[in-house]
Structure formats: C-alpha cells, structure tokens
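Each value in this text was obtained by applying a stated rule to the coordinates, not by laboratory testing. Note that the structure is a prediction, hence the values are computed from the model and not measured. Glycine also receives a Cβ, built like all others from the backbone with ideal geometry; neighbour counts cover every protein chain displayed.
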Amino acid sequence: DTEVTQTPKHLVMGMTNKKSLKCEQHMGHRAMYWYKQKAKKPPELMFVYSYEKLSINESVPSRFSPECPNSSLLNLHLHALQPEDSALYLCASSPRELAKNIQYFGAGTRLSVL
Amino acid sequence: SQQGEEDPQALSIQEGENATMNCSYKTSINNLQWYRQNSGRGLVHLILIRSNEREKHSGRLRVTLDTSKKSSSLLITASRAADTASYFCATDLLNTDKLIFGTGTRLQVFP
C-alpha cells in the first residue's frame, strides 16, 4: 500500500469555526509533512513530524495546530482562519525525515475560508 | 525563499512531440527530484538524481543535472495527452531536512 489518504477532500469553513484535516499512511513511514499550496504556486512546507515529534515548524501562525497521535496519523487543527488561508493542503510521508528521501503525497484537502 | 526557478512557466505541445523543462537552483544540494501534479491533486514522484550523477532515465523521462551551473532539465519524449500536468523540481538543501519546490512548469499536451 503506497497510499497517503487525506480527509476531507473539500472543506468550507467560516472564520469562527474549528475544523480538522486528517492524513493517514500505512507504509511504515516515520516522517510526515504538511504543505500549503495556493493556485499556480509550488507547495510550501508548513510542518514536519519525525518519529511522531514535531521537528520543523516553518513559522506557521498558531491558528494552524498540527498533531501526530501515532506513526500512521497526522492531523491539522484549524481555528479562526482567515480568507487568505484558503488553499490546497497537502500531506506527505517519507521513510525518514531526510529530504533526500522520496515523498509520497495525498490528494489534498481543498479548503475554502469564508 | 524559493530555491528553484523553472522555465518555461507554461508549455503547449502536440502529442508525440518532446517536452523539455528546466530548473535552476541557488545553493548546493544532495539531490534533485522531479514531481508531477495533475490539476488540483497531490504530487507524484517521477525521478531522483543525486548530486554526483549527470543523467538519469526512467521510461520516457530523461533528467540531467549540472551542478556547476546549478541547473537540471526534464525531458519527456513522445508526449501523450495524459502527460498534461504541472511539473516541479524539488531540491534538498545541504544540512537541512527541507525539500524545496521550484516554481513549476505547466505542460499542456494536445491530442
């Protein structure tokens, strides 16, 4: 199984809502990533988890809160988002937290903040 | 800041033609990867070339790397309509664990 599964596929939320994005992989990978991608732009790294510990936070605003409950799951909790946070949110995993490893991406969650 | 710049930004060709896209980067790397992204979907890894390699092939894909010029190219031969997608180069920065994506090339292949 070489799949990274993200749910939901689409999410519309108001600025006062709290929601969560979920990511799951069963490849035994020990590194997991959150990226944000705006239209016609490259993915931008947000967070990296290595062995279930947060290892990189790219100065992401606190309204985004990542969580790694176990080695297969990665969540991104959203609270009080702004319209400019509307984007495609991609999850990825790799065998270890080394950028020289290939990353496997999920299909993404398309988020719209109203 | 962005590590990779790709050109062209967009490329339109007919089926059967070859497509070449280029990536330039700024700092020393361990390796360079190419990914494909179909519209609004996740990225799919295509090929990885290490800093001590100059050329690599995978099916209809040919990648070159020139570390002296800090540049790479991706050639897709005998293109198909299904190759229509955005293509990103991605580099890892030495002494970091980050993968930095280039600006991307949007390829349109017409049947």
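Neighbour counts of C-beta atoms inside 10 Å place B:Leu43, B:Leu11 in the sequence B:Leu11, B:Leu43, starting with the fewest. Rg and Dmax over the alpha-carbon atoms of chain B stand at 13.3, 44 Å.
Sparsely packed loop sites in the range B:79-108 (the chymotrypsin sites (Phe, Trp or Tyr not before Pro) outside DSSP H, G, I, E and B with at most 14 other Cβ atoms within 10 Å) do not occur. For the protein assembly as shown, A:Cys68 stand unpaired, since no other cysteine beta carbon lies under 4.7 Å from theirs. Residues A:Glu24, B:Glu15, ranked from the fewest to the most other C-beta atoms within 10 Å, line up as B:Glu15, A:Glu24. The residues A:Ser72, A:Ser93, A:Ser59, when put in order of fewest to most other Cβ atoms within 10 Å, stand as A:Ser59, A:Ser72, A:Ser93.
Summing Lys and Arg as +1 and Asp and Glu as -1 over all other residues whose Cβ lies under 11 Å from the Cβ of B:Glu5 gives a net charge of 0. Note on A:Lys38: aspartates and glutamates with a C-alpha under 13 Å away, same-chain residues under 8 apart excluded, are A:Glu84, A:Asp85.
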